[in-house]
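Written out below as structure tokens is the structure these notes cover.
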Amino acid sequence: MYRAAPEAHEFASVLARAAGTSVGEVDDPELIAVGRGKDAVRLLHGATCPVLVVPAGTRPEIALVGAAFDGRPQSRPALNTAISIADQLGVGVLTLGVHRSAALPGEHDPGRDDFEFMLGKVSFNTHGGANHRLLTGRPGPALAAASADVQLLVCGSSGHGTVREVVFGSVPKYLVEHASCPVLVVPRPPGRA
């Protein structure tokens, strides 16, 4: 049985109360809460429930929930989870999308406009309001930098779920190691790759 670090358990309790669930241990979880480190990365692979990774010293206060969204179906459960948490807590959602431009510097990139339009469409109103921000660059570092503006960042599990991806570099792995706020990694629904 794995026991969460105190700040992870305290933060998870806030989320669990908002969702009407409980914080479970690894053998019977609805939500797994851990501190940052090797255990967090190991738990990402094959998790069937959300995994909350909380940096040491984090206070359990949420005023704005960030949702990492890339437009793929795998990112929709994370967005829906972020919206649900924000609604339950009466706070806002900041939908964060990262666009990797194929345009040369100084050139107009119509793909960027399309992506920003899509982000605006999925930024739903919650009790605390909703917003979106288009980021550029590599997804992991861009989202980790944006994590300074939210108190919880929700992301989907990586697209393939392979051990190679978890070990050698997925966005969720990068975020649980580098984000300045807690990260909630939501698994893909069964049957989705």
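The values are calculated or read from the model by the stated rules, or taken from the named source; none is laboratory data. All figures in this text were calculated on a predicted structure; none of them were measured in a lab. A quick note on method: Cβ atoms are made from the backbone with ideal geometry, for glycine too, and the neighbour counts reach across all protein chains shown.
Which members of segment 160-193 meet the condition of being of a type outside the set (Ser, Thr, Tyr), over 15 Å from residue 50 (Cα atoms), modelled with pLDDT under 85 and part of a loop (DSSP other than H, G, I, E, B)?
160, 169, 191, 192, 193
Filter segment 45-95 down to residues that are hydroxyl-bearing (Ser, Thr, Tyr) and in contact with a Phe, Trp or Tyr (Cβ under 7 Å, 6 or more places away or on another chain) and give me whichever is modelled with the highest pLDDT.
The initial filter retains those residues of segment 45-95 that are hydroxyl-bearing (Ser, Thr, Tyr), namely 48, 58, 75, 81, 84, 95.
With in contact with a Phe, Trp or Tyr (Cβ under 7 Å, 6 or more places away or on another chain) added as a condition, the list becomes 58, 75, 95.
Values: 58: 88, 75: 84, 95: 93.
Filtering segment 45-95 for residues that are hydroxyl-bearing (Ser, Thr, Tyr) and in contact with a Phe, Trp or Tyr (Cβ under 7 Å, 6 or more places away or on another chain), the one modelled with the highest pLDDT comes out as 95.
Looking at (1) more than 18 Å from residue 139 (Cα to Cα); (2) in contact with a strand residue (DSSP E or B) (Cβ under 8 Å, 6 or more places away or on another chain); (3) touching a residue at least 40 places away in the same chain (Cβ under 8 Å), can you tell me which one residue 74 breaks?
(1)
Go through (1) over 17 Å from the mean Cα position of the chain (by Cα); (2) closer than 18 Å to residue 157 by Cβ; (3) at pLDDT 60 or above and name the single condition residue 26 misses.
Unmet condition: (3).
Listed residues 69, 115; which is of a type in the set (Phe, Trp, Tyr) and under 17 Å from the mean Cα position of the chain (by Cα)?
On the way: 115 fails: under 17 Å from the mean Cα position of the chain (by Cα).
That would be 69, the only listed residue that is of a type in the set (Phe, Trp, Tyr) and under 17 Å from the mean Cα position of the chain (by Cα).
Take residue 144 and tell me if it is assigned to a helix (DSSP H, G or I), at pLDDT 95 or above and under 11 Å from the mean Cα position of the chain (by Cα).
yes
Among the residues of segment 33-44, is there at least one that is in a loop (DSSP other than H, G, I, E, B) and modelled with pLDDT of 75 or more?
Of all residues in segment 33-44, those in a loop (DSSP other than H, G, I, E, B) come to 36-37.
Among the residues that remain, those that are also modelled with pLDDT of 75 or more are: 36-37.
Within segment 33-44, one or more residues are in a loop (DSSP other than H, G, I, E, B) and modelled with pLDDT of 75 or more.
Go through segment 77-91 residue by residue and tally those that are surrounded by fewer than 20 Cβ atoms within 10 Å (Cβ to Cβ) and touching a residue at least 12 places away in the same chain (Cβ under 8 Å).
Start the filter on segment 77-91 by keeping residues that are surrounded by fewer than 20 Cβ atoms within 10 Å (Cβ to Cβ), which leaves 77, 80, 84, 87-88, 90.
Filter again for touching a residue at least 12 places away in the same chain (Cβ under 8 Å), leaving 77, 84, 87-88, 90.
Result for segment 77-91: 5.
Please specify each residue of segment 57-85 satisfying the condition of being part of a helix (DSSP H, G or I), touching a helix residue (DSSP H, G or I) at 6+ places or on another chain (Cβ under 9 Å) and over 14 Å from residue 157 (Cα atoms).
84, 85
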